[in-house]
Amino acid sequence: MGSSLVATRRIIVGKWGCNNGQACIAPDYIITTKDYAPTLVEALKKELEKCYGKDPLESKDLSRIVNSNHFSRLSTLLDEEKVSNTIVHGGRKDKSQLKISPTILLDVPEDSLIMSEEIFGPLLPITTVEKMEDSFDIINSRSKPLAAYLFTNDKKLKEHFVKSVSAGGLLINDVALHLAVDTLPFGGVGESGIGAYHGKHSFDAFSHKKGVLYRSFFGDAPARYPPYSPGKLNLLKALLSGNIIRIVRALLGWA
């Protein structure tokens, strides 16, 4: 099985296999090169049919949308005129079953609703760039994701991805699987969350680190106690600021 086919199948299970996109670690969008986009789209179409059949809405393996309100929200994203014109696969909906088929969109306008919020559903926009390095700037220009994924065999591109992309977690050549590795911290950064858990990281996250300071009775500083003269205040300010030069000046009476 070639690496391109493996990547395609892993994207599918990571997006639509994760509760039909209704998971915080499901890919929200794909960035690829303009040259490779047609190949990727065709590969996704072919493998999606293998996974969910010719009529995905009848597939028992395709999850329903969680409720009618979420179904309506996703429908609004999909029905926006500038978005509906970019559908290259899927787009079918069945409100009675609360199902939306796996949907691929190509080069959706950046100012569309679907590109301005987390999708959390089976809609997958594909954005194209001239070269893959350009994709990292796009990722970093948006809200920090909970997870970011890269498919490549290029060692330098992997290193550049790890160094330049800010996300809760990174995974190379797979999707969502890092969540199953209990020795890796799982959590967000910035808009995607604070802190992390898993294994010892869970213990640390939910443990209060109680600070304890021990002092002797020696080295007491008269400047701590009132009445406070200008000289004492200057020394206290210097001590609190941690500025060594200012502390020396205060002790010498120059401040």
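A few points about this structure:
- Options Thr127, Thr152; residue that is in the same structural domain as Leu40 (by the TED database), open to solvent by 10 Å² or more (accessible area, probe 1.4 Å) and in contact with a Lys or Arg (Cβ under 8 Å, 6 or more places away or on another chain): Thr152
- Of the residues examined, Ser101 is one that is under 17 Å from Ala23 (Cα atoms) and in contact with a helix residue (DSSP H, G or I) (Cβ under 8 Å, 6 or more places away or on another chain).
- Condition met for Leu124 (over 20 Å from the mean Cα position of the chain (by Cα) and either under 18 Å from Gly21 (Cβ atoms) or assigned to a helix (DSSP H, G or I) (or both)): no
The values are calculated or read from the model by the stated rules, or taken from the named source; none is laboratory data. Computed from a predicted structure; not experimentally measured. Note that we place each Cβ from the backbone using ideal geometry, even for glycine, and neighbour counts take in every protein chain shown. The accessibility values were calculated without ligands, DNA or RNA, using every heavy atom of the protein model including side chains. Shrake-Rupley method; radii C 1.70, N 1.55, O 1.52, S 1.80 Å.
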